Amino acid sequence: MRGPRDDFQRDRDRIIHSISFRRLRHKTQVFVAPDGDHYRVRLTHSLEVAQIGRTIARALGLNEDLTEALCLAHDIGHPPFGHAGEDALQEALAGFGGFDHNAHTIRTLTALEKPYPRWDGLNLTWEMLEGLAKHNGPVHKATWALEEANAAMDMELTSWPSLEAQVAAVSDDIAYDNHDIDDGLRAGLLTLDQLLELPFIAERWQIVCDRFPEIDPDKLVPELIRDQIGLMVNDVLETTKQNMDRLKIRTAQDVRDARQALCGFSKEMTANERSLKTLMYTKLYHHPQQLTVARGARIKVTELVAAYRDKPELMPESWFQSLPDAEPDRIRHIADFLAGMTDRYAADRHAEIFGKTDG
């Protein structure tokens, strides 16, 4: 009825048209409510992951539309303020099953989004939901939110996911490994000298400088990042093809029967990528300035949870009227409301309730 789309194209379109996807434009990627227009947010990150994912999927002969849909949707369950907000919700729900952004992605897309007249959720394909649930690998201990969704549609949580889901996972790593470098350098919290402490980046930097000897090195950082992305993508393609040939992978069922990840980095690139992550956590993600902002954000979410528990009438009318009477459904309902907030909306609600505009 609505154009010549197959099921996975429809999945992708439903994600793009969803409210939860639009909210990603005001949710933290690296920096909480960044002042600069050039920093990445969850929305731009998801688009970059999808671009990398489609490239890999096309080269491997996989379903590009399913891969793109998984990439676009993978971060929808993140609450405001990134991991600081998630930590606050996890603490608030510690006695009620906890909070996990991956499981909340599934919950959002199967229950909380309600654009259709006859069902809750976006009515996505099994392959889409299975891929989102397991894109980081089999799930042997599901949280309550994932268990609830799995009871409605068995996602075979303990088996390996599709190659498309595996591509989405590694594309996420490639995107944030390299684009967070760009944002960290732009913010002045990360320096090129710190990056060049890693031999594999220093080697690539020298190649870039030799390629453009007449260009000011300050202008070559974007070229370094592009080279790094290309290097990682090519490594994934070569490694994945080798794994598929070695294990004689021919069908989707072969992928699940392999009982191991097929799409990923080589051993050498895995070690390099791990060293890069270690540096990024030390120098950027755990930078004192970042930690100070994260502490303030976590306090905001914690105080909002307490406020809505004590005075649920502070929630919008539709959320207040549908508030369950008993636990754990009551606190989970409040967490659903909070997890859907953008950074900006959460900060505004906090200021409205507590009269605080900073800190």
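The values are calculated or read from the model by the stated rules, or taken from the named source; none is laboratory data. This one's a predicted model, so the numbers in the text were calculated from it and none came from an experiment. Here the Cβ is made from the backbone with ideal geometry for all residues, glycine too, and neighbour counts use every protein chain on show.
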Notebook entry, point to check: Checking Ile56 against (1) touching a Cys at 6+ places or on another chain (Cβ under 9 Å); (2) without any contact (Cβ under 8 Å) to a residue 40 or more places away in the chain, which single condition isn't satisfied?
Noted result: (2)
Margin query: Conditions first: (1) closer than 21 Å to Ala50 by Cβ; (2) modelled with pLDDT under 95. Val233 passes all but one, so which condition is the exception?
Written below: (2)
Notebook entry, point to check: Are any of the residues in the stretch 99-111 buried (at least 24 other Cβ atoms within 10 Å of the Cβ), touching a residue at least 12 places away in the same chain (Cβ under 8 Å), within 17 Å of Phe8 (Cα to Cα) and in contact with a Ser or Thr (Cβ under 6 Å, 6 or more places away or on another chain)?
Noted result: no
Notebook entry, point to check: Out of the stretch 169-203, which residues are more than 27 Å from the chain's Cα centre (by Cα) and not aliphatic (A, V, I, L, M)?
Noted result: Asp193, Glu197, Pro199, Glu203
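Quick check on Glu68: is it acidic (Asp, Glu), part of a helix (DSSP H, G or I) and crowded, with 21+ Cβ neighbours inside 10 Å?
On the way: acidic (Asp, Glu): yes; part of a helix (DSSP H, G or I): yes; crowded, with 21+ Cβ neighbours inside 10 Å: yes.
Yes.
Any idea which residue in the stretch 1-59 is surrounded by the most Cβ atoms within 10 Å (Cβ to Cβ), counting only those that are charged (D, E, K, R) and assigned to a loop (DSSP other than H, G, I, E, B)? Working first, answer last.
Applying the first criterion (charged (D, E, K, R)) to the stretch 1-59 yields 2, 5-7, 10-14, 22-23, 25, 27, 35, 37, 40, 42, 48, 54, 58.
Cutting the leftovers down to assigned to a loop (DSSP other than H, G, I, E, B) gives us 2, 5-6, 27, 35, 37, 40.
Working: Arg2: 6, Arg5: 12, Asp6: 11, Lys27: 29, Asp35: 7, Asp37: 5, Arg40: 22.
Among those that are charged (D, E, K, R) and assigned to a loop (DSSP other than H, G, I, E, B), it is Lys27.
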Next item on the list: All but one of (1) closer than 14 Å to Ile52 by Cβ; (2) surrounded by 24 or more Cβ atoms within 10 Å (Cβ to Cβ) hold for Asp172, so report the exception by its number.
Entry: (2)
Checklist line | Residues of the stretch 87-126 that turn out to be assigned to a helix (DSSP H, G or I) and among the small types (Gly, Ala, Ser), as a count | finding: 6
Check: Within the stretch 129-148, can you find the residues that are surrounded by fewer than 17 Cβ atoms within 10 Å (Cβ to Cβ) and in contact with a Leu (Cβ under 8 Å, 6 or more places away or on another chain)?
Finding: Pro138, His140
Notebook entry, point to check: Taking the stretch 289-319 on its own, how many of its residues are at pLDDT below 95 and of a type in the set (Ser, Thr, Tyr)?
Noted result: 1
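Table: residues versus (1) in contact with a Lys or Arg (Cβ under 9 Å, 6 or more places away or on another chain); (2) among the hydroxyl-bearing types (Ser, Thr, Tyr); (3) surrounded by fewer than 15 Cβ atoms within 10 Å (Cβ to Cβ).
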{"site": "Leu284", "(1), (2), (3)": "no, no, no"}
{"site": "Arg295", "(1), (2), (3)": "no, no, yes"}
{"site": "Arg298", "(1), (2), (3)": "no, no, no"}
{"site": "Asp310", "(1), (2), (3)": "no, no, yes"}
{"site": "Pro316", "(1), (2), (3)": "no, no, yes"}
{"site": "Ser322", "(1), (2), (3)": "no, yes, yes"}
{"site": "Ile334", "(1), (2), (3)": "yes, no, no"}
{"site": "Asp343", "(1), (2), (3)": "yes, no, no"}
{"site": "Phe354", "(1), (2), (3)": "yes, no, yes"}
Checklist line | Hits in the stretch 253-277 - residues which are surrounded by 12 or more Cβ atoms within 10 Å (Cβ to Cβ), charged (D, E, K, R) and farther than 24 Å from Gly184 by Cα | finding: Asp254, Arg256, Asp257
Item checked: Which numbered condition Trp126 fails, given (1) among the aromatic types (Phe, Trp, Tyr); (2) farther than 15 Å from Pro161 by Cα; (3) surrounded by fewer than 19 Cβ atoms within 10 Å (Cβ to Cβ) -> (2)
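Tell me, which helices (runs of 4 or more DSSP H) wholly within the stretch 241-339 include 3 or more residues that are more than 30 Å from Pro199 (Cβ to Cβ) and within 23 Å of the chain's Cα centre (by Cα)?
Details: elements: 252-257, 267-280, 288-310, 317-321, 329-339.
Counting at least 3 such residues, we get 288-310, 329-339.
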Note to self: Can you tell me how many residues within the stretch 190-229 are free of Cβ contacts under 8 Å to residues at least 12 places away in the same chain, assigned to a helix (DSSP H, G or I) and surrounded by 14 or more Cβ atoms within 10 Å (Cβ to Cβ)?
What the structure shows: 1
Checklist line | Cβ pairs under 7 Å, 6+ apart, first in the stretch 260-287 and free of Cβ contacts under 8 Å to residues at least 40 places away in the same chain, second surrounded by 11 or more Cβ atoms within 10 Å (Cβ to Cβ) | finding: Ser266/Asp235; Ser266/Thr239; Met269/Met232; Met269/Asp235
